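Right, one structure below, let's go through it.
The values are calculated or read from the model by the stated rules, or taken from the named source; none is laboratory data. Note that the coordinates shown come from a computational prediction; the quantities given were computed from them, not determined experimentally. Neighbour counts run over all protein chains shown; Cβ positions are idealised from the backbone, glycine included. Only protein heavy atoms, including side chains, enter the accessible area calculation; ligands, DNA and RNA are left aside. Shrake-Rupley method; radii C 1.70, N 1.55, O 1.52, S 1.80 Å.
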There are 2 protein chains.
Amino acid sequence: MSYYPPSVLNLIQQLSRLPGIGEKTAERLAMHLLRVPGREAEALARGILNVREKVRLCSRCFALSDTDICGICSNPARDASQVCVVENIAEMVAIERAGGFAGLYHVLQGVLSPMDGVGPDDIRVRELVRRVREGGVREVVLATGTHLEGETTAAFIAERLSAYPVRVSRIASGVPLGGDLRYVDQVTLKRAMETRHVL
Amino acid sequence: MSYYPPSVLNLIQQLSRLPGIGEKTAERLAMHLLRVPGREAEALARGILNVREKVRLCSRCFALSDTDICGICSNPARDASQVCVVENIAEMVAIERAGGFAGLYHVLQGVLSPMDGVGPDDIRVRELVRRVREGGVREVVLATGTHLEGETTAAFIAERLSAYPVRVSRIASGVPLGGDLRYVDQVTLKRAMETRHVL
């Protein structure tokens, strides 16, 4: 690739380390960054540096935040008596996008996984228990994934919280909306049948 | 998107301005940049700033370069008597990748396009004529595209260079290798027939 000067080669290399960006795309992005007005390329570079400098975890719910307490935790319009427990930021974002939950979150920053050596002390379970103990929380909604680790983590947290006067719920599992029963896997269909509700 | 702090929102916005990067991908990239070691994110940011600071156009051939004269122009192993004229960097890169040309380049930085108001003075034709006039060039290979503007530009340059003792050639047009004649468009097939060569 001697037809690119070293600075361009370096940029292509850096860009191709991003997930889903192959060498061809990295090349195209590098050419784009050379073509746009200088301030636009600079805005991207500064945005990267800025985010790394500013972003931390909310000291209450462990979501991303520029400040000590995040925007959701400090929003008086949200119902602080409900706490939704999720594995990571991505799951919190998915729930926010879906709408329908106006409480606060607790981002575990992981999920119990003995195989990978992740135990209760490696995720934010203790901090969740402390939030419940400090009072004000009436319901904890366990919204970890419905895979093995997610189910285990939900069960573990439910057990841990059983000593406190708090309602512990689990998001529903079942047939996705718009789903055709023929194409739903057996385990999901069995669960949907078991957890059927009276109309 | 109040579930992201301002610094993250800003980064997502900057990333989604890149070509082919939608909002979902920008979000994924931003999360990645938050997760990787700090020096990796910083290397990308610095790479962007660095490329904008260092890269200029080679003062001889107008390819990208970190220095006044680019790597190809200053490479003594290349044949300075052959100059391949291309529209942009991308075409030069394509030819270099294909191999088979060991001369120098001349990047026009565009193509004649009266419809878009691009005339001979808007692309690097004058500089090409000067290179030829200064001597040392025995052949100019016109490798502009085979679309209307590319053909027009090639014809224009050939006319301009007719006053000089230099051989002016045009890259061949015809049936692509591995191509099935049934699927080649009529204009290409007609051209391939007209420019047939004796074996």
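Worth a mention:
- Qualifying residue in the stretch A:177-194 (condition: in contact (Cβ under 8 Å) with a residue 12 or more places away in the chain, among the acidic types (Asp, Glu) and open to solvent by 40 Å² or more (accessible area, probe 1.4 Å)): no
- Among the residues of the stretch B:14-24, just one is under 29 Å from the mean Cα position of the chain (by Cα), at pLDDT below 95 and part of a helix (DSSP H, G or I), namely B:Glu23.
- Filter result (under 10 Å from the mean Cα position of the chain (by Cα) and open to solvent by 30 Å² or more (accessible area, probe 1.4 Å)) within the stretch A:76-103: A:Asn88, A:Ala90, A:Glu91, A:Ala94, A:Ile95
- When B:Glu91 is tested against (1) under 25 Å from B:Ala158 (Cβ atoms); (2) in contact with a Phe, Trp or Tyr (Cβ under 8 Å, 6 or more places away or on another chain); (3) without any contact (Cβ under 8 Å) to a residue 60 or more places away in the chain, exactly one condition is not met: (2).
- In this structure, B:Asp122 does not satisfy being within 14 Å of chain A (Cβ to nearest Cβ) and open to solvent by 70 Å² or more (accessible area, probe 1.4 Å).
A quick yes/no check of all residues on (1) among the polar types (S, T, N, Q); (2) touching a Leu at 6+ places or on another chain (Cβ under 9 Å); (3) open to solvent by less than 10 Å² (accessible area, probe 1.4 Å):
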| position | (1), (2), (3) |
| --- | --- |
| B:Leu9 | no, no, no |
| B:Arg17 | no, yes, no |
| B:Gly20 | no, yes, no |
| B:Leu33 | no, yes, yes |
| B:Glu53 | no, no, no |
| B:Ala63 | no, yes, yes |
| B:Ser74 | yes, no, no |
| B:Tyr105 | no, no, yes |
| B:Gln109 | yes, yes, no |
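- The single condition among (1) more than 7 Å from every other protein chain (Cβ to nearest Cβ); (2) within 17 Å of B:Leu33 (Cβ to Cβ); (3) open to solvent by 80 Å² or more (accessible area, probe 1.4 Å) that A:Lys24 does not satisfy is (2).
- For the residues B:Arg78, B:Arg35, B:Arg97, the requirement of being modelled with pLDDT under 95 and more than 9 Å from chain A (Cβ to nearest Cβ) singles out B:Arg35.
- The sole residue among B:Ala163, B:Ala143 that is farther than 21 Å from B:Gly110 by Cβ and at pLDDT 90 or above is B:Ala163.
- Only listed residue being in contact with a Ser or Thr (Cβ under 6 Å, 6 or more places away or on another chain) and within 14 Å of chain B (Cβ to nearest Cβ), chosen from A:Glu87, A:Glu91: A:Glu87
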